[in-house]
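The values are calculated or read from the model by the stated rules, or taken from the named source; none is laboratory data. In this text the structure is predicted, and so the values were computed from the model without any measurement. Ideal geometry is used to build each Cβ from the backbone, glycine not excepted, and the neighbour counts take in all protein chains shown. Ligands, DNA and RNA are stripped out before the accessible areas are found, and what is left, the full protein with its side chains, is counted by its heavy atoms. Shrake-Rupley method; radii C 1.70, N 1.55, O 1.52, S 1.80 Å.
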Amino acid sequence: MSEKLWGGRFAKSTDEMINEFQASIAFDKRMYREDILGSLAHAKMLAACGIITAEDSEAIAEGLKEILAQIDAGQFDFDLDLEDIHMNIEKRLTDKIGEAGGRLHTARSRNDQVALDTHLYVRREVAAVHELLVELQTAIVETAEKYREVIMPGYTHLQRAQPILFAHHLLAYFAMLVRDFARFQGVYERADIMPLGAGALAGTTFHIDREMVARELNFGSLYHNSLDAVSDRDYIMEFLAAASILMVHLSRLSEETILWCSREFSFVELDDAHCTGSSMMPQKKNPDVSELVRGKTGRVIGHLMAMLTTVKGLPLAYNKDLQEDKEGLFDTIDTVKFSLAVYARIIRGMKVREENMRRAVTEDFSGATDLADYLVKKGMPFREAHAVAGRAVHDCLGKNIWLKDMSLADFQALSPLFAEDVYEAISPETCVKNRNSLGGTSFTQVAEQLKTAKELIKAEENIVNEESAKQV
Ligand code: ARG
């Protein structure tokens, strides 16, 4: 005879190794709060529908609240033999309050229970990610504002291309994070659907009130197909997908941070408090945080792949494979939240070495496009102007000088359209100032972006507040 809550039909107790293999308590105990909140709502509904008595419901509520306090205080011994968080709590409740505890699982299966718990969990964690995203976005905007006049080379192929504002570069990441925020709003919406009442797979014979449970737990809507409610994990896949894209953005920012603080670039200096040294080489100051964020991106992408692969061949409805949804999700949540929080610090602590960025634009040919545009504005077809500017660069390379060092006579030898104003036209300030097309790098456009960014942050803060007000 098995001791398990489901032990009735078993003649033997579970093999010890099998027991350990199939248990999820080691990791799903993270959802104890969600599990208890779900049970509180369920018991209240059962009583309201006359399925259990009001006394039983009250006893259940009292018992569950005591258990919640115990777990909060770290005074609950989780038992591997009870498999998962659901049965650990239910068994403790029954030990505490007797028969009434045995009525809690009426009209419910662990299949819809675990779906409810993970929906609540994802919904809460999306709100937390949103808050941290806003924090990083704020750090980016503040830093962009602080260095709003600083000019640096923009790159293509990692070759200096055209002068841009450092603020413009940072605000590109801001814009990506705005879309990340929106992607997580989509995740929130899909996690905000209530699955309880699906039972094991087909619904229940009891006259339950699913709308009431949804109301109790502040869900925006509920599942209308019981098989779907217990089978799919798309809200988890979406979380992992949104997290992967966000991490890819942070990883690119990290790669640039690492390049920028190398001696070769020397564009920024990270705060000493954000770096580590070497056990052997005394001179070292390493950008570990950026390297780790770049590195951890791999495991988040891995969790997404694992989840998609786990679900892709599953027949409906619940299969134990789905228990594999949790560890990757939890690890992703921890990784993303930590990465966002540390990156806000990295950005805030970053000192920009303006003079080095400056040198990288002046001692180079990043004004060459502007040299061609100068001729175009004097009437030359662009393709021809491109060739003339190319020849100017070629001549400079031969003489080991920069465009600004060319004499007017040398310019005019290439085209009679050149005049004294050419020097002004190819100065880094002019190159930046003239790129005033919508979304360009000009001082005016970047000021506009900064203004919009602050408005967007305000709007996002409102969403964060709404989301946290809806948590149970
Ligand atoms: N621990 C299980 C999970 O995480 C809970 C659901 C178990 N359901 C079952 N029929 N075995 O998926």
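Take the Cβ-Cβ distance between GLN471 and ASP405 as r, set R0 to 41 Å, and report the resulting FRET efficiency rounded to the nearest 0.05.
On the way: r = 63 Å, r/R0 = 1.54.
Efficiency, from the Cβ-Cβ distance: 0.05.
Can you list the HN-Hα couplings for the range 218-232, worked out from phi with the Karplus curve (6.51, -1.76, 1.60; θ = phi - 60°), rounded to whole Hz and with x for Gly and Pro?
6, 7, x, 7, 9, 5, 10, 9, 5, 5, 4, 4, 9, 9, 8
Show the residues, 5+ positions off or on another chain, whose built amide H is closer than 5 Å to the amide H of ALA161.
For ALA161, whose amide H was placed from the backbone, the distant partners under 5 Å are GLY154, TYR155, THR156.
What is the set of long-range amide H partners of VAL268 at a cut-off below 5 Å, with H atoms built 1.01 Å from backbone N?
Here CYS261, ARG353 satisfy the definition.
Can you give the accessible area of ARG358, probe radius 1.4 Å, in Å² rounded to 10?
80
Calculate how steeply helix 288-312 sits against the longest principal axis of the alpha-carbon atoms of the chain, using the helix alpha-carbon long axis, and give the answer as 0 to 90 degrees to the nearest 10.
Computed tilt is about 50 degrees.
Per residue, how large is the accessible surface of the range 313-376? Use a 1.4 angstrom probe and give square angstrom.
That works out to 41 Å² for each residue.
Can you give the angle from 0 to 90° between the axis of helix 443-470 and the longest principal axis of the chain, with both taken from C-alpha atoms, to the nearest 10?
10
Take the alpha-carbon centre of the range 136-161, take the same for the range 164-233, and report the distance between them in whole Å.
About 35 Å separates the Cα centre of the range 136-161 from the one of the range 164-233.
Could you give me the ³J(HN,Hα) list for the range 348-364, computed from phi with Karplus coefficients 6.51, -1.76, 1.60 and θ = phi - 60°, whole Hz, x at Gly and Pro?
Taking θ as phi minus 60°, the curve returns 5, x, 6, 9, 8, 9, 3, 5, 6, 5, 4, 4, 5, 8, 7, 8, 5 Hz for the range 348-364.
Give the long-range amide H neighbours of ALA23: residues separated by 5 or more places, or on another chain, with amide H under 5 Å away, using H modelled in the peptide plane at 1.01 Å from N.
none
Suppose all protein chains stay in the model; what accessible area per residue would a 1.4 Å probe give for the range 188-263, in Å²?
Accessible area per residue, the range 188-263: 42 Å².
May I ask for the distance between the Cα centers of the range 342-388 and the range 93-126, given as a whole number of Å?
Centre-to-centre distance over Cα atoms comes out at 60 Å.
Taking Cα centroids, how far is the range 418-461 from the range 242-275 in Å?
When both Cα centres are located, 24 Å separates them.
HN-Hα J couplings of the range 192-199 from phi, Karplus 6.51/-1.76/1.60, θ = phi - 60°, integer Hz, Gly and Pro as x?
Karplus-based 3J(HN,Hα) across the range 192-199 equals 8, 10, 8, x, 4, x, 6, x Hz.
Given a Förster distance of 45 Å, report the FRET efficiency between ASP79 and GLU461 from their Cβ-Cβ distance, rounded to the nearest 0.05.
Using R0 = 45 Å, I get an efficiency of 0.55.
Let me know the shape class of the range 257-317, please: from the alpha-carbon gyration tensor, a ≥ b ≥ c as square roots of the eigenvalues, rounded when a/c is under 1.5, otherwise prolate if a/b is greater than b/c, or oblate.
The shape class here is prolate.
Cα axis of helix 54-72 to longest principal axis of the chain: angle in degrees, 0 to 90, nearest 10?
Between helix and principal axis, roughly 50 degrees.
Could you work out the relative contact order of the range 162-251? I mean the mean sequence separation of Cα pairs under 8 Å and 6+ apart, divided by the number of residues, in percent. Provide the component values of the computation, followed by the final result.
Details: 64 pairs, mean separation 32.1, N = 90.
Answer for the range 162-251 is 36 percent.
Scan the chain and hand back the longest stretch that contains none of the GluC sites (Glu not before Pro) lying in DSSP loops with at most 14 other Cβ atoms within 10 Å. Spell out each step's value before the answer.
Details: sites that count: GLU3, GLU149, GLU264, GLU363, GLU420.
Segment 4-148 is the longest.
Going by the alpha-carbon gyration tensor, a ≥ b ≥ c the square roots of its eigenvalues, is the range 225-287 rounded (a/c under 1.5) or, if a/c is not under 1.5, prolate (a/b greater than b/c) versus oblate?
Taking the square roots of the gyration eigenvalues as a ≥ b ≥ c, the range 225-287 is prolate.
Longer than 19 Å from Cα to Cα, which of LYS351/LYS454; LYS296/LYS337; LYS65/LYS91; LYS29/LYS326; LYS12/LYS326; LYS29/LYS320 are they? Say none if no pair is.
LYS351/LYS454; LYS12/LYS326
If every alpha-carbon in the chain counts as one equal scatterer, what log10 I(q)/I(0) does Debye give at q = 0.08, 0.10, 0.14 1/Å?
Here the Debye-derived log intensity ratios amount to -0.64, -0.84, -1.26.
Could you give the size of the charge dipole of the chain about its Cα centre, using +1 on the Cβ of each K and R and -1 on the Cβ of each D and E, expressed in debye and rounded to the nearest 20?
It comes to approximately 1140 debye.
Roll a 1.4 angstrom probe over the protein heavy atoms and tell me the percent of accessible area of the range 165-294 that is carbon or sulfur.
53
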